[in-house]
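Any read-out appearing in this document is the output of simple, stated calculations on the displayed coordinates, not a laboratory observation. Please read all numbers here as calculations on a predicted model, not as lab measurements. As a convention, Cβ positions derive from the backbone with ideal geometry for all residues, glycine included, and neighbour counts pool all protein chains shown.
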Amino acid sequence: MSYNISSGGGTGSSALDVVKVNQFKAGFSEAFQQTDVRLVDSFRMETQDSEYAYYDRIGMAEEMKEDITRYGDNPQSEVSFDRRRTQTRNYELGKYIEPKDLTRVLTDPTAPVISQMRHSGHRKMDDIVRDNIFGTAYAGKAGATPITYASTNSGKITVGNLSKGASNPITTVGDYQLDAGDVEGIDIAVDYNPGGAATNSGITLDKLKAVRYTMMRLEAISQEEVLDVWLGASQFEQLLGIDKVINSDYAVRKSLAEGNITTFMGFRFRHFERLKGAGTSGDPRQCIIAKKEALIFSQAKSLSLDIWKDTGKKNIPYVYFALQADAVRMHGECVAKLNCLD
């Protein structure tokens, strides 16, 4: 049995009422939860010294042209530059440690409480990435131009106009829908079913193949590149029901025997239960597929701990965690939203 060491919004001796001496044999048992970062470490991390920071991007050079003129002028071409903006927000979490609790348990609760609060900070960092990977990015010299993410169109692969590619541009034809305006990214509809009627589904090989094909067409990935995919438990269960995934003829590892799918078809599957969406047809689970270059996580103040004694509370210890951070999507061509039923 595990115990969530929390006061439920209160402070003082009531904070650890559920903790009894006979329930502790060798330290505290932690509640089951996400304890480490799952998303942040997979993307580019930066620090900033002010509320706003700007990250420059460089575009493509123009196509070379044949030189057919003798003694002509030197050619002049343009390479586009733009930037993306982060605006940090402040997050905090605090907790009093009641000295009376020290006489009621066999283990000093300070360290486990700090550990639980640190886990909360890690989850918040991941939430910042999750909320911004498909959110609105701000571009332009002053970061005032909103760049939205591609919308969902029934039965379609939707690509934002800014991500349509150059060598073999995406157009609205067949399975593809091009989103006009300042829009970027790739969206795979929950009912995407190539060659058949639009049908709501969980994760499928057709959806995964659509992402890989689209990113290769946009020249966002190379043919040997492995993409990270963040899935919920339901999507992992769905993968174990796909014959080609669990069949040893198609995979090096025997996924069914181990009950664990790690890689298949150029994708690396990673567990993240805090994905957006309820997993229904009206609010599908928003699984994330992205490269490291897709997003920047920027911190003005990294997750930090401070402890002091509050003279206004009988000089009892107070534990305080703080974080000042934001994230911004840098490139929509290497980000895909995979909409799935649970």
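Applying the Karplus relation 6.51 cos²θ - 1.76 cosθ + 1.60 with θ = phi - 60° to the stretch 176-191 yields 3J(HN,Hα) values of 9, 10, 9, 7, 7, x, 7, 10, 9, x, 10, 10, 9, 4, 5, 9 Hz, where x marks Gly and Pro. Protection proxy ranking, highest mean first, for peptides 300-308, 284-292, 65-73: 284-292, 300-308, 65-73, where packing is the per-residue count of other beta-carbon atoms within 10 Å, averaged. Given Lys65/Lys156; Lys124/Lys156; Lys244/Lys337; Lys156/Lys276, which pairs have Cα atoms separated by over 27 Å? As for pairs spanning more than 27 Å Cα to Cα, those are Lys65/Lys156; Lys124/Lys156. A cut-off under 15 angstrom between Cβ atoms defines the neighbours of Val129, and their net charge, with Lys, Arg +1 and Asp, Glu -1, is +4. Of the GluC sites (Glu not before Pro) found in the stretch 271-342, those that fall in a DSSP loop while having at most 16 other beta-carbon atoms within 10 Å are Glu273.
Here the Karplus curve 6.51 cos²θ - 1.76 cosθ + 1.60, taken at θ = phi - 60°, turns the phi angles of the stretch 263-278 into couplings of 9, 6, 6, x, 10, 10, 8, 10, 8, 8, 7, 9, 4, 6, x, 8 Hz, with x standing for Gly and Pro. The modelled label-to-label distance between Ile58 and Val79, using points 7 Å beyond Cα along the C-beta direction, is 0.4 nm.
Indicate, rounded to the nearest 5 percent, the antiparallel portion of the DSSP beta bridges found entirely in the stretch 159-282.
Taking every DSSP beta bridge within the stretch 159-282, about 30 percent pair in antiparallel fashion.
For the stretch 35-40, 3J(HN,Hα) computed residue by residue from phi via the Karplus equation (6.51, -1.76, 1.60; θ = phi - 60°) reads 9, 10, 7, 10, 9, 3 Hz, glycine and proline entered as x. Shown here for the stretch 158-252: chymotrypsin sites (Phe, Trp or Tyr not before Pro) in loop regions (DSSP other than H, G, I, E, B) with at most 15 other Cβ atoms within 10 Å, namely Tyr250. In this structure, the amide hydrogen of Phe134, modeled 1.01 Å from its nitrogen in the peptide plane, lies closer than 5 angstrom to no residue at least 5 positions away or on a different chain. Peptide packing for 324-332, 183-191 was compared via the average number of neighbouring C-beta atoms within 10 Å per residue; ordered from the highest value, the list is 183-191, 324-332. Positive contributions from Lys and Arg (+1) and negative ones from Asp and Glu (-1), summed over other residues with Cβ under 10 Å from the Cβ of Tyr176, come out at +2. As a proxy for reagent exposure, ranking Leu275, Leu162, Leu231 by other Cβ atoms within 10 Å from fewest up yields Leu162, Leu275, Leu231.
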